[in-house]
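Visitor: Mind having a look at this structure? Questions to follow.
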Amino acid sequence: MAAELPDYYFRVRENGAAVFRVDTENRQRRIEMDQIAVVNIRNGEIKPHGQRELSDRDLAEIEAWMAQRAAVLAARDIDDILRTVDHLNLTTQWAQSRATDEQLDQVTDALLLAMHDLRSVLVRKKADRLTRG
């Protein structure tokens, strides 16, 4: 292979990852992946796989991946919210310029309730921040 493979592979799961040690130093020169742990991003838990004991290097690599993954997920959250703002603006433009009465009848109540709920939460959270700060 042109590039050297990493020593660890993280198979992303819903709340974390399954962690594998990558081995290419065998007689058949095949890639072997040996599962060594399962990690949970939400609670920071690292569970060794089976009866395995994790080395200090294993733990350091896993903890570094967890920190990097948490940063990626946080950035995605903000990006998703900013995309929502764009969608709201596009929805406003659609409602004003292209929507038919029938289409508006289909979506108006759901949009109004969702926007009311969102506004209530945002106003309450902002008031909490202002009173704390």
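Visitor: Taking Gln103, is it without any contact (Cβ under 8 Å) to a residue 12 or more places away in the chain and under 30 Å from Arg11 (Cβ atoms)? Spell out the reasoning first.
Guide: On the way: without any contact (Cβ under 8 Å) to a residue 12 or more places away in the chain: yes; under 30 Å from Arg11 (Cβ atoms): no.
For Gln103, the condition - without any contact (Cβ under 8 Å) to a residue 12 or more places away in the chain and under 30 Å from Arg11 (Cβ atoms) - is not met.
So that you can scan it fast, the table gives a plain yes or no per residue for (1) charged (D, E, K, R); (2) modelled with pLDDT of 95 or more; (3) touching a Phe, Trp or Tyr at 6+ places or on another chain (Cβ under 9 Å):
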{"site": "Met33", "(1), (2), (3)": "no, no, yes"}
{"site": "Ile36", "(1), (2), (3)": "no, yes, yes"}
{"site": "Arg52", "(1), (2), (3)": "yes, no, no"}
{"site": "Ile78", "(1), (2), (3)": "no, yes, no"}
{"site": "Thr92", "(1), (2), (3)": "no, yes, no"}
{"site": "Arg98", "(1), (2), (3)": "yes, yes, no"}
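Visitor: Still on this structure, I have one more. Being outside any strand (DSSP E or B), free of Cβ contacts under 8 Å to residues at least 24 places away in the same chain and of a type outside the set (Asp, Glu) is the filter here, so list the residues in the range 15-42 that pass it.
Guide: Listed by number, the residues that qualify are Thr24, Asn26, Arg27, Gln28, Arg29, Arg30.
The values are calculated or read from the model by the stated rules, or taken from the named source; none is laboratory data. Note that this is a predicted model, so its numbers are computed, not measured. Using ideal geometry, Cβ is built from the backbone for each residue, glycine included, and neighbour counts are taken over all protein chains shown.
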